[in-house]
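For reference, the structure is listed below as structure tokens.
The values are calculated or read from the model by the stated rules, or taken from the named source; none is laboratory data. Treat the numbers as computed from the prediction; the structure is a model and nothing was measured. Glycine gets a Cβ as well: all are built from the backbone with ideal geometry, and neighbour counts include every protein chain shown.
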Amino acid sequence: MSRVVILVIDGFGVGAMPDAGAPRSADATADTLGHLLDAHRANTGHRLPLPTLEALGLGLVHPHRDLARTASLPAAVGRAAPGYPGADTYAGHQTMMGADCSRVTVAGIAGHLDEVAEALRADGHRTALLDGRPVLVVDGRVLVHDNLEADPGVNWNVSARLEDVPFAEILAIAHAVRSVAPVARVIAVGGHADAPLDAFVRDGDLGTVGLDTPASGFYRNGGLEVQHLGAPLDRTRRLPELAAGAGVPVTLVGKAADVLACDAALCRPAVDTAEVLALTREAVRRAPATALIVGNVQETDLAGHQQDSARYAAVLRQTDSGLGALLPCLSSPGDRLIVTGDHGNDPAVGHARHTREYVPVLIHRPEAAGLALLPPARTLADVGATAAVALGLRAAALANGTPLLRPVARSTEVAG
């Protein structure tokens, strides 16, 4: 019997991957946590207090001068590589749940214009390039373009003004694009812009071209409608569906409720960090002896996008306090709290996009005798496989991932 909580601190990186500098050379020095700690000390003269994360062994994953290099709680500690291309919330969460994202690629729309246009014409739409640029204009009113807010080539958008096109039509066009898109997400976006959308098309990084959605007024004019269409995956081999199929109650909290979208789960969407942590505690208190709860703290990622180190630090302190309140709720032998991330989002790197970084894997094990140092996880799918084993499920039933810890009966042994 085991209540397993996976809490994803969105955008919580602990150092650049070896290939992080491929899109932008500056990203080779990305270090979300390290730069955050440095900025806090520079701004306040004091270390950033993170007592719960330190007690779980965060300083063993990131040996920063302001973190204790030990773990005072019974924990298993390591770090994970993303295990998917780029740095993306959707692909990160799917991978973490054991999905196989090997077919997802990072690609600008410029290299796929012909197949996208062909798919749209097969659905009865007219297509044309926007002034000869790699942006498709569909039926004279809808733009199909690179997403300029995520890392180049991670997502494509299908955008239109709602006064011109109903959202149902935008979504139908997005589904046609999704049928041939190799990227992690195709995002249907409808809103109210300050002018025709072609006025807000601009060049992005690495040859991408797309709508500058914030500049268009979509976010400030109200009435925004958005739907994310993820890459096709075998959902029967993800952790939430595997658990639910075995009779284990599943609760998805915060952004996890949106990006994982499991029909069998109780979904509790929220953005506010205090609410996410309160809903997570409530889910644990109401859970039977065996349950899976996956939560996402989104406001760390939002602070990274805003390049606001002070706000990120404040949200991380709030998260740390919430974790401290959550731990006493997970005190039975076999219970697990797994704290991790999905990618980095370094607020000091010089741009407002995700950074490709390792993420921590901190596992609280109340019945364990002490500290276990985990082997490096080659993919976030190893987190899902580890959770599956703790729930008494077959990790091999997931599409991807290898358990980082042995089954509960032998979990006091040091892995690696």
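Being buried (at least 20 other Cβ atoms within 10 Å of the Cβ) and of a type in the set (Asp, Glu) is the filter; apply it to the range 355-391 and report the residue that is farthest from Val250 (Cα to Cα). Filtering first and then ranking leaves Glu357. Would you check if Arg79 is farther than 28 Å from Gly223 by Cβ, part of a loop (DSSP other than H, G, I, E, B), in contact (Cβ under 8 Å) with a residue 40 or more places away in the chain and charged (D, E, K, R)? Against the criterion (farther than 28 Å from Gly223 by Cβ, part of a loop (DSSP other than H, G, I, E, B), in contact (Cβ under 8 Å) with a residue 40 or more places away in the chain and charged (D, E, K, R)), Arg79 does not qualify. Counting the residues of the range 190-202 that are under 13 Å from Asp164 (Cα atoms) and in a strand (DSSP E or B) gives 2. Count of the range 76-117 residues, restricted to those that are more than 11 Å from Leu380 (Cβ to Cβ) and among the hydrophobic types (A, V, I, L, M, F, W, C), is 11.
Search the range 15-47 for residues being surrounded by 22 or more Cβ atoms within 10 Å (Cβ to Cβ) and part of a loop (DSSP other than H, G, I, E, B), and hand back the single one that is modelled with the lowest pLDDT. Top of the filtered list is Ala20. Taken together, the residues in the range 7-59 that are aliphatic (A, V, I, L, M) and farther than 24 Å from Val339 by Cα amount to 4. Restricting the range 175-206 to residues that are at pLDDT 95 or above and of a type in the set (Lys, Arg) leaves a set whose member that is farthest from Ala107 (Cα to Cα) is Arg202. With respect to (1) among the acidic types (Asp, Glu); (2) at positive phi; (3) assigned by TED's automatic domain parsing to the domain that holds Arg41, the lone exception for Asp131 is condition (3). Criterion applied to Ala243, Ala274, Ala289 was being touching a residue at least 40 places away in the same chain (Cβ under 8 Å), assigned to a loop (DSSP other than H, G, I, E, B) and not basic (Lys, Arg), and the one residue passing it is Ala289. The number of residues in the range 30-68 being at positive phi, more than 24 Å from the chain's Cα centre (by Cα) and in contact (Cβ under 8 Å) with a residue 40 or more places away in the chain comes to 0. Here Leu239 meets the list (1) surrounded by fewer than 15 Cβ atoms within 10 Å (Cβ to Cβ); (2) of a type in the set (A, V, I, L, M, F, W, C); (3) in the same structural domain as Pro23 (by TED's automatic domain parsing) almost entirely, failing just condition (1).
For Gly57, work out the one condition from (1) at pLDDT 95 or above; (2) in contact with a helix residue (DSSP H, G or I) (Cβ under 6 Å, 6 or more places away or on another chain); (3) buried (at least 24 other Cβ atoms within 10 Å of the Cβ) it doesn't fulfil. Single failed check for Gly57: (2). Of the residues in the range 326-347, at least one is part of a loop (DSSP other than H, G, I, E, B), among the hydroxyl-bearing types (Ser, Thr, Tyr), touching a Pro at 6+ places or on another chain (Cβ under 6 Å) and without any contact (Cβ under 8 Å) to a residue 40 or more places away in the chain.
Scanning the range 125-146 for residues that are part of a strand (DSSP E or B) and either of a type in the set (A, V, I, L, M, F, W, C) or surrounded by fewer than 18 Cβ atoms within 10 Å (Cβ to Cβ) (or both) yields Ala128, Leu129, Leu130, Arg133, Val135, Leu136, Val137, Val138, Val142, Leu143, Val144.
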